[in-house]
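Read through the structure below, which is laid out as structure tokens, and then see the notes.
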Amino acid sequence: MKVQVTPSVFEVPLGMANAFLINHDELTLIDTGSEGSTHQLIQAIEQIGRVPGDIRHILVTHCHADHAGGLAAIKKVCDATTYMHATDAAMVQQGKALRPLTPAPGILNKGLFNTFVTKSPSEIEVASIDQEVAEGELLEIAGGLRAIHVPGHCAGQLAFFWPQEGGVLFAADTASNMGWLQPSIAYEDYQLGLRSLRKLTMYQFEVACFGHGKAIRKNAVNQFRLKWLR
Ligand SMILES: [Zn+2]
Ligand SMILES: [Zn+2]
């Protein structure tokens with residue numbers, strides 16, 4: 001299954017988390033779902049008229065199992081270059097997927113944390129990362145994709161800003177849009193996570209894509225500013 005978000009950006013819901021495809025000349029994959037969701041990912045790639053071998057770049061936003069767990073498997077069916085922030089690349093290259101997390105404020109987050117986050121795997125299949133990406137780096141992907149280091153939920157988390165098609169932010173797990181725009185359920189450092197969210201409001205994006213929840217297709221940056229620039 002896939003959902004078209006902009007002419008070139010597709011959201012691929014993979015059970016717990018979303019992956020994304022940018023079908024813009026070259027095919028780029030952002031996140032890989034958890035171990036075992038690879039066949040769904042391949043289906044989505046075929047639905048947009050591509051084959052897995054077309055994937056040129058795989059960007060992994062952070063080391064958590066619902067984002068990096070499928071990396072080893074998808075790498076076996078393509079010849080893509082893999083990218084991550086150094087802090088989380090070190091984790092994935094050792095098969096580690098989790099640092100200690102605490103729930104975001106609020107009783108609902110505490111409940112969701114106990115139900116879902118405490119069950120998330122701390123280990124994944126080891127995968128190699130070809131290119132370590134630093135804060136602010138402009139990657140030569142899809143005509144230019146800006147990497148933004150956004151720690152808080154996860155120390156080595158990256159968001160990506162693509163200035164085309166209205167401006168698209170791949171927000172990873174900095175926030176979620178499960179019914180409404182809100183912080184993620186869990187953080188390594190919540191205050192640092194809020195600083196990262198404020199950092200994202202400096203970019204001009206119409207569309208925001210999330211690891212969890214549906215994409216916001218209009219005025220997304222205004223929603224971020226209303227929520228986190230007070
Ligand atoms: Zn996460
Ligand atoms: Zn996640």
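Tabulated data for the structure shown
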{"read-out": "Residue match in segment 195-205 (condition: farther than 30 Å from residue 107 by Cβ, charged (D, E, K, R), away from ligand 1 (no atom under 16 Å from the Cβ) and surrounded by fewer than 16 Cβ atoms within 10 Å (Cβ to Cβ))", "value": "no"}
{"read-out": "Subset of segment 128-159 (residues that are within 16 Å of ligand 2 (Cβ to nearest atom) and either within 25 Å of residue 25 (Cα to Cα) or of a type in the set (Ser, Thr, Tyr) (or both))", "value": "158, 159"}
{"read-out": "Cβ pairs under 9 Å, 6+ apart, first in segment 68-95 and among the charged types (D, E, K, R), second assigned to a helix (DSSP H, G or I)", "value": "76/38; 79/53; 88/68"}
{"read-out": "Which numbered condition residue 12 fails, given (1) surrounded by fewer than 19 Cβ atoms within 10 Å (Cβ to Cβ); (2) in contact with a strand residue (DSSP E or B) (Cβ under 6 Å, 6 or more places away or on another chain); (3) closer than 17 Å to residue 212 by Cα; (4) not acidic (Asp, Glu)", "value": "(1)"}
{"read-out": "Single match in 196, 176 (criterion: away from ligand 2 (no atom under 14 Å from the Cβ) and among the small types (Gly, Ala, Ser))", "value": "196"}
{"read-out": "Residue in segment 174-188 that is buried (at least 24 other Cβ atoms within 10 Å of the Cβ) and either farther than 21 Å from residue 64 by Cβ or within 12 Å of the chain's Cα centre (by Cα) (or both) present", "value": "yes"}
{"read-out": "Search result, residues across segment 15-40 that are within 26 Å of residue 116 (Cα to Cα), surrounded by fewer than 21 Cβ atoms within 10 Å (Cβ to Cβ) and without any contact (Cβ under 8 Å) to a residue 60 or more places away in the chain", "value": "15, 36, 39, 40"}
{"read-out": "Whichever residue in segment 53-67 is under 28 Å from residue 149 (Cα atoms) and more than 16 Å from ligand 1 (Cβ to nearest atom) and, among such residues, is surrounded by the most Cβ atoms within 10 Å (Cβ to Cβ)", "value": "58"}
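Residues are listed down the side, and each one gets a yes or a no for (1) in contact (Cβ under 8 Å) with a residue 12 or more places away in the chain; (2) within 16 Å of ligand 1 (Cβ to nearest atom):
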| residue | (1), (2) |
| --- | --- |
| 122 | yes, yes |
| 140 | no, no |
| 166 | yes, no |
| 176 | yes, yes |
| 211 | yes, yes |
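Laboratory data are not the source of any read-out in this text; all were calculated from the coordinates shown. Keep in mind that this is a model prediction, so the values were computed, not measured. Note: ideal-geometry Cβ built from the backbone for every residue, glycine included; neighbour counts use all protein chains shown.
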